[in-house]
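See below for the structure under consideration.
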Amino acid sequence: MVSLHIDTARTWRGGQQQVLLTVLGLRARGHRAVLVAHPEGELRRRAAQGDDVIPLGARGEMDLGAGWKLARIIRDLRPEVVHAHDPHAVALAAFALALGANRRRPALVAARRVDFHLKRNAFSRWKYRQVDLFLCASNAIRAMIVANGVAPERALTVHEGIDVERVEHTPAVRVHSEFWLPTDAPIVGNVAALVPHKGQRYLIEAAALTLRHVPDARFLIVGTGPLEAALRTEIRRRGLERHVILAGFRPDAVALIKGFDLFVLSSITEGLGTSLLDAMACRRAIVASRTGGIPEVVVHEETGLLVPPRNGAALAESIVRLLQDPERRRQFGEAGYARVVAHFTADRMVEDTLRAYARVVRA
């Protein structure tokens, strides 16, 4: 099978990791998987060069020039599936197919990794009507887009996955020495973009409350984004400069996670949360919000603790509980690792993706 994969992002987040794992997994199974990625993007850099990595940038959803270029790529490649991995990629692919890229129209598959409602404007309705099948990263996402009017038979859940073997073979970073932290300070870590729906302001609130009970705790927030300045201001306002560290983007995030005592995801909404999968593969206990697809990953009182979103006090209570109970953290970590191996590997994700393609490939 020949498939064409489109991702328009410049940054590296969980979605781009899933694109790369999908493309590499398909190639490992003998399928041709061609990647179209932003020429200045981290995904293109990590995917390396070659005939099957094509640079293409778009200036927005209605970039007709980029649409024409993609139409020529599709005409020349003749894929059976065009897999659009983000909303702008869906628009680009829909334009290209509408421009008559091929007499034999390939199936259009759209990845849906966020638990946001589909936009209701005329253009969004048009582009999503062109999609043959939505691959949803969680059941929560699938339920949301079905509620938005997508026919149930056009939406399929394919849980995201990670390369567990790669995680296991990643050497740990000595977090205390890397960030000049007290040797015995417990480390609470978060890896997520600094954007509103990731809810780090509630984690900062939880940090202030946690320190009343665990005064030597340190909180490491790994990621970058538009809220960085606002979060730094909040840290200063609360006098937490010594205890809450914004580490910025780190390509070695998995290595850092191995140095955490506890992993926390404070999201307000979350499609699934691949950083949770990484943390569980590192045998870290979890505290996370009970929102979106997170409960499909984290089993409460088995692999971690779930709390209501937007609730710093509840986050703090669970953080304190696990910081003061090393044995429970160990048990949760081992159970989390077993759950990832059983349900959330990249191999399982790629096999499920191939089965999804088989549903829509035209004979």
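Structure notes:
- Based on Cα contacts under 8 Å between residues 6+ apart, the chain shows a relative contact order of 16 percent.
- Shape call, the range 1-147: gyration tensor on alpha carbons, a/c limit 1.5: rounded
- Ignoring lysines fewer than eight residues from K69 along the same chain, the ones with Cα atoms less than 21 angstrom from its Cα are K127.
- In the chain, the portion of solvent-accessible area held by carbon and sulfur atoms comes to 51 percent [1.4 Å probe, whole percent, DNA, RNA and ligands not counted].
- Using only alpha-carbon positions in the chain, the gyration tensor eigenvalues give semi-axes of 38, 20, 19 Å once each is multiplied by 5 and square-rooted (largest first).
- Selected from W12, W126, W180 as most flexible by GNM, with the chain as the system and alpha-carbon contacts under 10 Å: W180
- Among G292, G100, G189, residue whose mean-square fluctuation peaks in a GNM of the chain (springs only between Cα atoms under 10 Å): G100
- Whichever lysines have a C-alpha closer than 25 Å to that of K258, once near sequence neighbours (fewer than 8 apart) are set aside: K198
- The loop-placed trypsin sites (Lys or Arg not before Pro) in the range 323-363, going by DSSP, that have at most 13 neighbouring Cβ atoms within 10 Å of their Cβ come out as R362.
- Every Cα-Cα pair of the range 254-356 was included, and the share exceeding 17 Å stands at 49 percent.
- Highest-fluctuation residue, E160, E334, E178 considered, GNM on the chain with Cα pairs under 10 Å: E178
- Its relative contact order, with pairs defined as Cα atoms under 8 Å and 6+ residues apart, puts the range 1-92 at 40 percent.
- For the range 280-334 and the range 44-110, distance of Cα centres in Å: 40 Å
- Per residue, in Å², the accessible surface of the chain once ligands and nucleic acids are set aside, probe 1.4 Å: 43 Å²
- In the chain, the calculated helix contribution to ellipticity at 222 nm averages -12500 deg cm²/dmol per residue, counting -39,500 (n - 2.57) for every DSSP H run with n ≥ 4.
- Straight-distance candidates among the aspartates and glutamates for linking to K119, with alpha-carbon spacing under 14 Å and chain neighbours fewer than 8 residues away dropped: E61, D86.
- Long hydrophobic helices in the chain, taken as whole DSSP H segments with a C-alpha length of 27 Å or more on their own axis and mean Kyte-Doolittle hydropathy at least -0.5, are absent.
- With all protein chains modelled, accessible area of E317 [1.4 Å, Å²]: 130 Å²
- Rg then Dmax, both in Å and based on the Cα atoms of the range 167-300: 13.8, 40.
The values are calculated or read from the model by the stated rules, or taken from the named source; none is laboratory data. Since the structure is predicted, the reported quantities are computational estimates derived from the model, not experimental observations. Note that we place each Cβ from the backbone using ideal geometry, even for glycine, and neighbour counts take in every protein chain shown. Quick note on the areas: whole protein, heavy atoms, side chains included, nothing else; ligands and nucleic acids left out. Shrake-Rupley method; radii C 1.70, N 1.55, O 1.52, S 1.80 Å.
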